[in-house]
Amino acid sequence: MTWRKQLQVRPGADFRLADVDTGGTPGWKKSRKSEAEERLHENVAALAGLEYKLYAENRRALLVVLQGMDASGKDGLVRTVFSGLNPQGCRVTSFKAPSVEELAHDFLWRIHKALPPQGGIGVFNRSHYEDVLVVRVHDLAPKAVWKARYATINDFERLLTESGVTVLKFFLHIGRNEQKRRLLARLDDPNRNWKASEADFVERARWNDYMKAYQDALTRCSTPCAPWYVIPSDHKWYRSLAVSEILRETMEEMRLKFPPPLADIAALRRKIK
Ligand code: AMP
Ligand code: MG
């Protein structure tokens, strides 16, 4: 089975987030962890080559959406999987609580501005999904407002795919105990103290509400053109491997090719002095 098939929330199918084992490593034996690290390096190198072709072709784009609870590994994933890419063709945007200006617009305004242009890769560290997650959990908007957003998001993502943007959405799924371990590590390690924030502990207290909100976002917005992938993320090596495999599979399937030369290469060769 391909990585995509295995980890995808199948559109329209019965899916229960609660059934996913966050410590699982589907498709890869835990005893083969060191080989997973080698494979990850191979994938990172392959992605660099694919990115180069995407950039040269200059027609299509790739959007990678990362969601997950605090300490689920979104930042770590950006470092490990996207580290080999050429910064010229890739842009990472981290979405925080909206500014006053952003709040004065519709919720997709800031998202639209951050989309990758043709030839580019955009990585969203958090995304428009916060508007049906944190907003729902903390009642930041009336229910009627956030409920209408699932359909708006599906329409928006369809617009993107119709415009040549391949949309990949990853939910980095950690267990509650694993989150506790990682948050405590931030308190214990002086080099990680800077990452500790009061907000993480406030959000953690609402764990079950978040899982309900994720359950709905994952099922309502996993569409054939923009499916969700749920990545068991208690093991960092597996999380990075799985995401890199899905990225590689997807980009290979795009059949990216260098465009034909614009110039008459033979004539240019004759001309050069
Ligand atoms: P971090 O990713 O740890 O830097 O935290 C960013 C914070 O911004 C998280 O607590 C998010 O829930 C919050 N955030 C992101 N988007 C929104 C949004 N649309 N509305 C409210 N809070 C948001
Ligand atoms: Mg955080």
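Data table
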item	result
Selected residue [assigned to a helix (DSSP H, G or I), of a type in the set (S, T, N, Q) and away from ligand 1 (no atom under 16 Å from the Cβ)] from Asn191, Asn208	Asn208
Test for Ala56: is it touching a Pro at 6+ places or on another chain (Cβ under 8 Å), surrounded by fewer than 17 Cβ atoms within 10 Å (Cβ to Cβ), modelled with pLDDT of 95 or more and part of a helix (DSSP H, G or I)	yes
Cβ pairs under 6 Å, 6+ apart, first in the range 183-205 and closer than 14 Å to Met69 by Cα and within 11 Å of ligand 2 (Cβ to nearest atom), second among the small types (Gly, Ala, Ser) and assigned to a loop (DSSP other than H, G, I, E, B)	Leu183/Ala71
Hey, Arg239 surrounded by 11 or more Cβ atoms within 10 Å (Cβ to Cβ) and either free of Cβ contacts under 8 Å to residues at least 12 places away in the same chain or closer than 23 Å to Asn58 by Cα (or both) or not	no
Hits in the range 64-93 (condition: among the polar types (S, T, N, Q) and more than 13 Å from ligand 1 (Cβ to nearest atom))	Thr80, Ser83, Asn86, Gln88
Test: residue in the range 132-151 that is of a type in the set (Gly, Ala, Ser) and crowded, with 17+ Cβ neighbours inside 10 Å	no
Cross-chain or 6+ apart pairs with Cβ under 6 Å, the range 78-104 first and surrounded by fewer than 15 Cβ atoms within 10 Å (Cβ to Cβ), then assigned to a strand (DSSP E or B) and at pLDDT 95 or above	Ser94/Asn125
Asp70 over 18 Å from Thr166 (Cβ atoms), within 13 Å of the chain's Cα centre (by Cα) and among the acidic types (Asp, Glu)	no
Number of the condition not met by Thr80 [criteria: (1) farther than 21 Å from Met251 by Cα; (2) in a helix (DSSP H, G or I); (3) under 14 Å from the mean Cα position of the chain (by Cα)]	(1)
Filter result (in contact with a strand residue (DSSP E or B) (Cβ under 6 Å, 6 or more places away or on another chain) and of a type outside the set (A, V, I, L, M, F, W, C)) within the range 114-160	Pro116, Gln118, Gly120, Gly122, Asn125, Ser127, Tyr129, Glu157
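Yes/no matrix, rows are residues, columns are (1) out of contact with any Asp or Glu (no Cβ under 8 Å at 6 or more places or on another chain); (2) within 15 Å of ligand 2 (Cβ to nearest atom):
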residue: Val81; (1), (2): yes, no
residue: Gln88; (1), (2): yes, no
residue: Ala97; (1), (2): yes, yes
residue: Leu103; (1), (2): yes, no
residue: Asp106; (1), (2): yes, no
residue: Arg110; (1), (2): no, no
residue: Lys113; (1), (2): yes, no
residue: Pro116; (1), (2): yes, no
residue: Gly120; (1), (2): yes, no
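The values are calculated or read from the model by the stated rules, or taken from the named source; none is laboratory data. Here the structure is a predicted model, which is why all the values come from computation and not from measurement. Reconstructed Cβ throughout: ideal geometry from the backbone, glycine too, with neighbour counts over all protein chains shown.
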